[in-house]
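The values are calculated or read from the model by the stated rules, or taken from the named source; none is laboratory data. Nothing here was measured: the structure is a model prediction, and the numbers come from that model. A quick note on method: Cβ atoms are made from the backbone with ideal geometry, for glycine too, and the neighbour counts reach across all protein chains shown. SASA here: full protein model, heavy atoms, side chains in, ligands and nucleic acids out. Shrake-Rupley method; radii C 1.70, N 1.55, O 1.52, S 1.80 Å.
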Amino acid sequence: MNKKDAEAEAELKLLDDIKKNREEIATDSYTTSWREIINLYKDGDIKISPEYQRLFRWDLDRQTQFIESLLLNIPVPTLFFYVDQDGRQEVIDGLQRISTIIRFFAEDIFSKDEIERATAASNVNHLANPTILDTAPIIPSLKGWSAGKLPDKVTRTIKNARVNIVILEQETKPQTKYNVFKRLNRSGAKLSDQEIRNCTSRLVGNTFANKLRDIAAQEYVINALGLSIEKQKTQACEEALLRTLASLFHADKFEHLVDDFLDDYMYVGSETNSLDAEVETRIKKAFLLISSAFPGGKAFKFRKDDGRSSGQFSTNLLDIIATGVYKNVDNLSSADIADKLDTLWETQREKISVCTGSGSNTKAKLKLRLELGAEAFK
């Protein structure tokens, strides 16, 4: 085939790929008012999944500025929903804005008891706790006002403000919904990759994500990993478990980008419920033994020449140690793990350096890490 024919063939393939993938996304769009959004939410026709709702993080300043934007007729970004099996619209992008509106008009939506409980908690991200606005940059006189006390003309202005909606229809394939949600939320509020995976995977199924979360919440898992409270809040423990499982069962799919690798396995795990009873038992036992042998995350830190653990948590050491212990867990005690890890550092320091150093995110180096762990804990 000559160069011209090859270029023509490549062009046809590109156009065909674009057409094929565009056809997998079925959407509709319209413009509505925030009044209608409030009413749909109140009637249960707009849903926010509990896992996603936990990611409402705008502070009072951001919430106040958003209300101010509506009063000033400043255009706001599009909201994205998808239609679930019951025909209800579930939020997949726009959580911060929708939650801000719901909270501001909480007295129109929630019962008196719900509001009293939420107000007592004094949480600025609890939807049933009515907002009392702070000083706004352009309209500082908004400070101290709530929706219930504002003049009717002002609340009507807010509720009648327009917003664009894009709906992902039921016909859209689950994996396409997964990819759309992931991309939209990575360009929005500052969420961790695992927080996005956790919410996104629930478009496919809840079982895998729930099990991952429940195992990550175990004290011995937290102790084994030794991650900070701040890291735990961004679901870093769940991500460490996910990485271990992906390395065990999905390593042949790894190319170069770790985020894509974990995204892919989160989808596969959710679709197939791959965290079955046997895998769950083994992964729990593995982290229980590691926690007992090396509490406070010491197993996953590099060692100095004198044998002391030093530095930050290493995902590359996680690949070696967690998978190695998992594969041999039936024949190990915590004392065995301590001895074998000591031996690994004493005899294989150079090999550890090769597969965990610069350029470690390759299929070959991942394979080397897995082989090293399997052999070390045999």
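Looking only at the stretch 166-180, count every residue that is open to solvent by 10 Å² or more (accessible area, probe 1.4 Å) and either in a helix (DSSP H, G or I) or without any contact (Cβ under 8 Å) to a residue 12 or more places away in the chain (or both) and tell me the total.
The number of residues fulfilling the criteria is 6.
Name the single residue that is nearest to Tyr326 (Cα to Cα) among those in the stretch 274-290 being open to solvent by 10 Å² or more (accessible area, probe 1.4 Å) and either in contact with a His (Cβ under 6 Å, 6 or more places away or on another chain) or in contact (Cβ under 8 Å) with a residue 24 or more places away in the chain (or both). Outline the logic, then answer.
Step one: of the stretch 274-290, the residues open to solvent by 10 Å² or more (accessible area, probe 1.4 Å) are 274, 276-282, 284-285, 288-289.
Then drop every residue that is not either in contact with a His (Cβ under 6 Å, 6 or more places away or on another chain) or in contact (Cβ under 8 Å) with a residue 24 or more places away in the chain (or both), which leaves 274, 279-280, 282, 284-285, 288-289.
Details: Ser274: 16, Val279: 9, Glu280: 11, Arg282: 6, Lys284: 9, Lys285: 8, Leu288: 11, Leu289: 10 Å.
Filtering the stretch 274-290 for residues that are open to solvent by 10 Å² or more (accessible area, probe 1.4 Å) and either in contact with a His (Cβ under 6 Å, 6 or more places away or on another chain) or in contact (Cβ under 8 Å) with a residue 24 or more places away in the chain (or both), the one nearest to Tyr326 (Cα to Cα) comes out as Arg282.
Kindly provide the set of residues from the stretch 267-281 that are over 18 Å from the mean Cα position of the chain (by Cα) and in a helix (DSSP H, G or I), ordered by number.
Thr272, Ala277, Glu278, Val279, Glu280, Thr281
Give the number of residues within the stretch 350-374 that are free of Cβ contacts under 8 Å to residues at least 40 places away in the same chain and open to solvent by 20 Å² or more (accessible area, probe 1.4 Å).
11
Could you count how many residues in the stretch 140-165 are outside any helix (DSSP H, G or I) and open to solvent by 40 Å² or more (accessible area, probe 1.4 Å)? Before you say what the answer is, go through the steps one by one.
Our first condition is that a residue be outside any helix (DSSP H, G or I); within the stretch 140-165, this holds for 143-151, 161-165.
Now narrow it down to the ones that are open to solvent by 40 Å² or more (accessible area, probe 1.4 Å): 143-145, 148-149, 151, 162, 164.
Total meeting the criteria: 8.
Exactly one of these conditions fails for Pro174: (1) at pLDDT below 85; (2) under 13 Å from the mean Cα position of the chain (by Cα). Give me its number.
Every condition holds for Pro174 apart from (2).
Could you identify the single residue in Ser201, Ser247 that is within 14 Å of the chain's Cα centre (by Cα) and among the small types (Gly, Ala, Ser)? Outline the logic, then answer.
On the way: Ser247 fails: within 14 Å of the chain's Cα centre (by Cα).
Selected residue: Ser201, the only one of Ser201, Ser247 that is within 14 Å of the chain's Cα centre (by Cα) and among the small types (Gly, Ala, Ser).
What number of residues within the stretch 237-259 satisfy the criterion of being open to solvent by less than 20 Å² (accessible area, probe 1.4 Å) and under 27 Å from Gly296 (Cα atoms)? Outline the logic, then answer.
Filtering the stretch 237-259 down to residues open to solvent by less than 20 Å² (accessible area, probe 1.4 Å) leaves 237, 240-242, 244-247, 250, 254.
This time we only want the ones that are under 27 Å from Gly296 (Cα atoms), so: 237, 240-242, 244-247.
Counting residues in the stretch 237-259 that are open to solvent by less than 20 Å² (accessible area, probe 1.4 Å) and under 27 Å from Gly296 (Cα atoms) gives 8.
Within the set of pairs 6 or more residues apart or between chains, which connect a residue that is surrounded by fewer than 20 Cβ atoms within 10 Å (Cβ to Cβ) inside the stretch 98-112 to a residue that is polar (S, T, N, Q) and modelled with pLDDT of 95 or more with Cβ atoms less than 9 Å apart?
Every condition considered, the pairs that remain are Glu107/Ser146.
One residue is enough: does the stretch 260-269 have a residue meeting the conditions aromatic (Phe, Trp, Tyr), farther than 20 Å from Ala376 by Cα, in contact with a Pro (Cβ under 9 Å, 6 or more places away or on another chain) and surrounded by 17 or more Cβ atoms within 10 Å (Cβ to Cβ)?
Restricting attention to the stretch 260-269, the residues satisfying the condition of being aromatic (Phe, Trp, Tyr) are 261, 265, 267.
Now restrict to residues that are farther than 20 Å from Ala376 by Cα: 261, 265, 267.
Restricting the remaining residues to those that are in contact with a Pro (Cβ under 9 Å, 6 or more places away or on another chain) gives 267.
Subsequent filtering for residues that are surrounded by 17 or more Cβ atoms within 10 Å (Cβ to Cβ) retains 267.
Yes.
State all residues of the stretch 48-83 that are open to solvent by 40 Å² or more (accessible area, probe 1.4 Å) and farther than 21 Å from Ala161 by Cα; if no residue qualifies, say none.
The answer is Pro50, Arg54, Arg57, Asp59.
Quick one: how many residues across the stretch 192-226 are open to solvent by 30 Å² or more (accessible area, probe 1.4 Å), of a type outside the set (Val, Ile, Thr) and outside any helix (DSSP H, G or I)? It would help to see each step written out before you state the result.
Start the filter on the stretch 192-226 by keeping residues that are open to solvent by 30 Å² or more (accessible area, probe 1.4 Å), which leaves 193, 202-204, 206-207, 210-211, 213-214, 217-220, 222-223, 226.
Then drop every residue that is not of a type outside the set (Val, Ile, Thr), which leaves 193, 202-203, 206, 210-211, 213-214, 217-220, 223, 226.
Among the residues that remain, those that are also outside any helix (DSSP H, G or I) are: 206, 217-218, 226.
Residues flagged as open to solvent by 30 Å² or more (accessible area, probe 1.4 Å), of a type outside the set (Val, Ile, Thr) and outside any helix (DSSP H, G or I) within the stretch 192-226 amount to 4.
Which of (1) within 30 Å of Thr27 (Cα to Cα); (2) outside any helix (DSSP H, G or I); (3) out of contact with any strand residue (DSSP E or B) (no Cβ under 7 Å at 6 or more places or on another chain); (4) of a type in the set (Ser, Thr, Tyr) is the odd one out, the single condition Tyr82 does not satisfy?
(3)
In the stretch 47-77, which residues are of a type in the set (Ser, Thr, Tyr) and at pLDDT below 90? If you could, list the steps in order and put the result at the bottom.
Of the residues in the stretch 47-77, the ones of a type in the set (Ser, Thr, Tyr) are 49, 52, 64, 69.
Hits for the stretch 47-77 are Ser49, Tyr52.
I'd like the residue in the stretch 319-349 that is polar (S, T, N, Q) and in a helix (DSSP H, G or I) and, out of all such residues, is most open to solvent (accessible area, probe 1.4 Å).
The first filter runs over the stretch 319-349 and keeps only residues polar (S, T, N, Q), leaving 323, 328, 331, 333-334, 343, 347-348.
This time we only want the ones that are in a helix (DSSP H, G or I), so: 323, 328, 331, 334, 343, 347.
Working: Thr323: 0, Asn328: 24, Asn331: 127, Ser334: 36, Thr343: 68, Thr347: 89 Å².
Going through the qualifying residues, I end up with Asn331.
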